[in-house]
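Working notes for the structure below.
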Amino acid sequence: MQLFLCLLFLFGIIDSQIFAQVSVINLKCEHLENPIGIDEPHPRFTWQIESEKPGYAQTAYQLVVGTVQADVKAGNGNIWKSETLSGATIPVLYHGPELLPFTRYFWSVRIRDENGSWSDWSPAPFFETGMMSQTNWKGQWITDTHDYNLKPAPFFRKTFNTNKQIKSARAYIAVAGLYELFINGKRIGDHRLDPTYTRFDRRNLYVIYDVTENLHQGENAVGVLLGNGWYNHQSTAVWYFDKAPWRARPKFCMDLRVTYADGSVETIVTGPDWQTALSPVIFNSIYTAEHYDARLEQPGWDRPGFDAAEWRNAQATGAPSKNITAQVLHPIRNVTKIPAVEMIKQDERTWLFDFGRNMAGVTRIKVSGPEGTTLRLKHAERLGDDGRVDLSNIDLHYRPTDDSDPFQTDIFILSGNGEEEFMPRFNYKGFQYVEVTSDKPLELSRESLTAYFMHSDVPSVGNIHSSNTTLNKVWQAANASYLSNLFGYPTDCPQREKNGWTGDAHIAIETGLYNFDGITVYEKWLADHRDEQQPNGVLPAIIPTSGWGYHWANGPDWTSTIAIIPWNIYLFYGDTKILKENYDNIKRYVDYIDENYPSGITDWGLGDWVPVKSKTPKEFTSSAYYFVDATILAKTAKILGKNQDAEKYAKLANKIKSAVNYKYLNRETGMYGSGLQTELSVPLQWGLVPEELVGKVAKNLEQRVIADNSHIDVGLLGTKAILNALSENGYADLAYKVASQETYPSWGWWIVNGATTFYENWPLDAARDISMNHIMFGEINAWYYKALGGIFPDEAQPGFKNVILKPNFVPGLDHFEASHEGPYGTILSSWKKKRKNVEYRVSIPANATATIELPLLDLEKTTVLEGDTKIWDDNRFMRGVGGIYDVRKEDDRLVIKAGSGKYHFRVKNGG
Ligand code: BGC
């Protein structure tokens with residue numbers, strides 16, 4: 001048999017890869033699967049390798065791109081065939097001839113292993129280009145002619161005939177405001193609140209749909225319903241979105257590009273020939289709610305044959321900005337359907353629905369009742385003592401001018417035609433409870449109302465499970481708050497503000513990236529940063545903004561997003577694009593602070609926001625963040641080969657460090673300021689402490705925390721640092737003690753008191769800053785991955801090309817497991833204690849390596865096995881197994897270098 005196979009192989013009848021057993025999977029372009037609407041001239045490709053072989057790494061690869069899928073799959077790209085490129089680092093950029101607009105390209109990759117044998121060509125997914133250039137738009141921007149204060153949302157429609165056979169069709173739709181698109185009576189796509197919010201007078205997003213299946217020979221009708229979103233903010237609140245410079249009646253532009261079987265192309269475009277009328281959406285506000293009068297429905301408005309005699313013509317208008325770019329990200333969706341856990345009928349006209357968890361999203365009601373019955377659906381996070389919904393924790397910044405626009409309250413007027421349904425199209429809220437009131441008696445059941453958890457539908461890439469159930473719930477609650485605050489830009493809270501608060505977002509960036517594949521959303525949000533940055537480098541505190549936030553709260557402790565977000569994306573994805581795109585912006589920002597605060601000390605900022613009790617001087621934390629920015633800038637300059645800048649900003653970082661230490665550090669005692677938790681942990685976390693004093697400062701922090709009864713005494717900036725500063729400096733056990741507290745003040749305290757999302761304040765009965773769905777204290781979730789799972793990206797080989805694994809087997813926890821789906825595949829770190837011994841399982845994806853650091857109780861007496869093979873005994877390295885190629889001792893740790901594969905370590909401490 002063997003001889004037979006050898007012969008087949010020799011004659012090329014069986015390909016080498018059958019023996020290599022490797023497959024190329026998870027192929028993505030621009031970090032998305034089969035994206036439609038790419039405007040990027042050099043799209044990025046990524047893939048993963050599946051191989052059982054330990055220590056697997058491709059040595060070279062080759063890419064092909066073409067327009068015929070079968071050919072590409074066979075390795076024949078008519079557009080581009082790359083050289084054989086060495087290495088295994090992703091992403092890889094397209095470097096073939098200029099890409100054409102409106103074109104579907106297929107791509108495939110094959111890889112070569114260390115023995116020189118090539119794999120098969122991978123499957124051939126596609127990416128499809130969009131407009132590629134503004135000049136390719138054919139349609140005109142259109143609107144109805146109403147004043148922007150008019151409340152009802154407009155419908156638009158157009159019909160067209162075609163007698164030819166349709167091969168393919170795409171809708172390209174750019175909107176200032178929000179929209180829903182319909183063709184022949186069917187809603188297109190499942191995105192919600194599209195396009196995502198941008199600074200409308202600087203940049204507008206367009207969305208592309210494959211509508212081939214929706215069109216047919218004969219007459220077709222296209223319908224569009226426009227919503228206000230942040231473009232035409234009619235509700236009034238303290239951030240003046242109603243005064244936004246861009247504010248106008250919503251408008252849109254659409255090219256419907258139809259390719260016929262005979263190869264000809266026809267584009268149906270927007271123009272004044274479109275017809276418009278007002279819709280049953282009688283009011284819509286992204287901030288407050290939506291009102292719908294079902295009596296005004298016009299059945300068939302989006303189908304051919306509808307009588308539009310009463311409709312009038314749309315008006316052509318100018319584009320909202322000169323920059324119309326493709327929306328390339330995971331869209332917002334109704335991601336999770338959540339039934340009510342309880343319904344209490346309060347009287348004939350009042351019902352209370354409890355969804356059992358706090359969330360961002362909407363509800364859908366199903367109801368029958370007499371024509372004109374008016375229902376109000378009031379959404380709240382909490383109940384008052386009277387058992388009724390209470391909005392007082394979230395409506396305080398709202399400034400209504402009359403009672404026609406109640407906060408978080410949808411209004412639904414029934415048509416009386418049997419069972420009717422309503423779910424808002426152009427709004428979302430933060431809530432757990434909904435109080436439904438009706439002006440006429442009705443029958444409602446628990447099933448009458450359903451909630452939908454909405455957010456940017458970013459794939460989940462992280463998982464945590466442990467023997468501590470409160471820890472597991474803290475992790476879940478942090479994720480629920482993170483997602484509740486991701487709507488194409490990160491927000492502070494989904495109810496009171498929905499603002500893109502910068503500070504909250506950079507504190508939560510690692511929690512976001514360990515758990516969710518968020519690169520596309522952050523790339524978009526950093527473009528928002530570039531749109532908002534003033535020529536002098538200043539950024540606003542909230543992004544996007546209508547102008548508010550350039551004069552308050554926008555110091556480096558908040559707006560360092562410009563440096564911290566790109567840097568973390570680089571660490572997690574190994575992708576330099578975001579660093580390149582934002583380099584000049586980071587530089588302008590740092591230069592501004594340097595010019596205005598030449599001493600290196602700045603008090604520009606807000607400080608340690610919402611602290612438990614102690615107040616760290618804001619000058620201290622702002623200067624620390626200024627140092628962080630200068631450091632990131634210097635490192636980025638080095639990565640991008642800008643050596644002069646690298647030197648210049650490294651010097652600046654040093655200057656800031658010296659200035660902070662000169663002013664705040666007592667070198668004798670190793671104490672910063674008055675020795676508060678934030679004062680000691682922030683410099684440890686961000687590398688401000690002189691090398692020789694790290695031990696002393698860390699010891700002081702330990703003492704401070706113990707004196708604080710092993711509980712936190714920090715605010716927003718301190719929460720980012722406190723647990724990491726302890727666990728990274730030899731006090732992981734204490735860090736875990738603090739992190740797992742269930743008494744006030746702690747994260748666990750919220751959970752044991754019923755929280756399902758993170759709060760904005762520590763006491764449950766605080767008087768202000770009391771949203772119940774803030775992500776700003778969310779760093780603890782990332783800390784689980786880092787300190788307990790030990791999973792860190794390696795700055796020298798980012799994107800988890802080399803994974804650092806240095807778990808802490810902390811007392812009080814018997815089992816902990818963290819996994820993260822990095823760019824190269826799944827990383828697993830899982831440990832279980834058995835008395836003094838620990839079983840530790842690890843997975844490293846192909847094309848990646850790991851540096852594993854195992855803490856040993858007693859090096860002399862400890863034995864470490866991998867599988868059944870001793871790799872450490874008698875204080876020495878025994879032998880390499882599988883993909884392990886180096887084991888050495890560093891202090892009280894065993895440092896193991898390993899290639900990809902699955903490992904099962906047993907650390908025997910003589911127990
Ligand atoms: C927001 C916070 C934000 C803060 C800054 C609050 O209103 O909800 O999360 O960071 O303002 O001032």
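Data table
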read-out	value
Stokes-Einstein D in µm²/s, Kirkwood radius over Cα pairs - region 327-400 at 20 °C with 1.002 mPa s viscosity	141
Dipole of the chain, positive direction: furthest Cα of F353, V341, S746, with charges on the beta-carbon	S746
Pairs of Cα atoms farther than 25 Å apart, region 335-452, %	18
Accessible-area order (highest first, 1.4 angstrom probe) of the listed residues V341, V109	V341, V109
Percentage of interatomic Cα-Cα distances in region 273-341 larger than 16 Å	73
Apportionment of accessible area to carbon and sulfur, the chain, percent (1.4 Å)	48
Cα shape, region 517-637, gyration tensor, a/c 1.5 rule	rounded
Accessible-area order (highest first, 1.4 angstrom probe) of the listed residues S168, S321	S168, S321
Over the chain, relative contact order from alpha-carbon pairs under 8 Å, at least 6 apart, %	10
Hull shadow area, averaged, region 723-831 [alpha-carbon convex hull, nm²]	7.9
Loop chymotrypsin sites (Phe, Trp or Tyr not before Pro), region 511-553 (other Cβ atoms within 10 Å of the site Cβ: 16 or fewer; DSSP)	Y550, W552
For S279, residues with placed amide H under 5 Å, excluding near neighbours	A153, F155
Estimated dipole of region 495-608 in Debye, rounded to 20 [Cβ of Lys and Arg +1, of Asp and Glu -1, Cα centre]	220
Cα-based radius of gyration of region 398-526 once divided by 2.2 N^0.38 Å, which approximates compact folds	1.32
Shape of region 473-533, Cα gyration tensor, a/c cut at 1.5	oblate
Out-of-range pairs (alpha-carbon distance over 25 Å; input K429/K524; K53/K473; K498/K615; K186/K345)	K53/K473; K498/K615; K186/K345
Volume per residue of the C-alpha convex hull in region 653-708, rounded to whole Å³	68
Gap separating the Cα centres of region 111-151 and region 632-706, nearest whole Å	44
Beta bridges per DSSP with both ends in the chain, % antiparallel, nearest 5	95
Assigned charges on the beta-carbon of Lys, Arg, Asp, Glu; the chain dipole about Cα centre (debye)	1420
Long pairs among K618/K889; K243/K440; K836/K897, criterion Cα-Cα beyond 30 Å	K618/K889; K243/K440
S727 accessible area, assembled protein chains, probe 1.4 Å, Å²	10
Bins of 5 Å, starting at 0 and running to the largest distance - Cα pair percent for region 190-288	2, 9, 18, 19, 19, 14, 9, 6, 3, 2, 0, 0
Positive-end residue of P490, G555, G462, charge dipole of region 435-567 with Cβ unit charges	G462
Bins of 5 Å from zero: percent of alpha-carbon pairs in region 599-724	2, 12, 21, 22, 19, 12, 7, 3, 1, 0
Kirkwood Rh and Cα Rg combined as Rg over Rh, evaluated for the chain	0.98
Largest-first ordering by accessible area, 1.4 Å probe, given options K440, K524	K440, K524
DSSP H segments from the chain that extend 15 Å or more along their own axis, Cα-based, with Kyte-Doolittle mean of 1.0 or above	561-573, 716-727
Over region 595-651: Kirkwood hydrodynamic radius from C-alpha pairwise inverse distances, Å	12.6
Per residue accessible area in Å² of region 583-692, where ligands, DNA and RNA are left out and the probe is 1.4 Å	43
Local electrostatic count, T602, Cβ distance below 14 Å [Lys/Arg +1, Asp/Glu -1]	-3
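The values are calculated or read from the model by the stated rules, or taken from the named source; none is laboratory data. Keep in mind that this is a model prediction, so the values were computed, not measured. All Cβ positions, glycine included, derive from the backbone under ideal geometry; neighbour counts span all protein chains shown. Quick note on the areas: whole protein, heavy atoms, side chains included, nothing else; ligands and nucleic acids left out. Shrake-Rupley method; radii C 1.70, N 1.55, O 1.52, S 1.80 Å.
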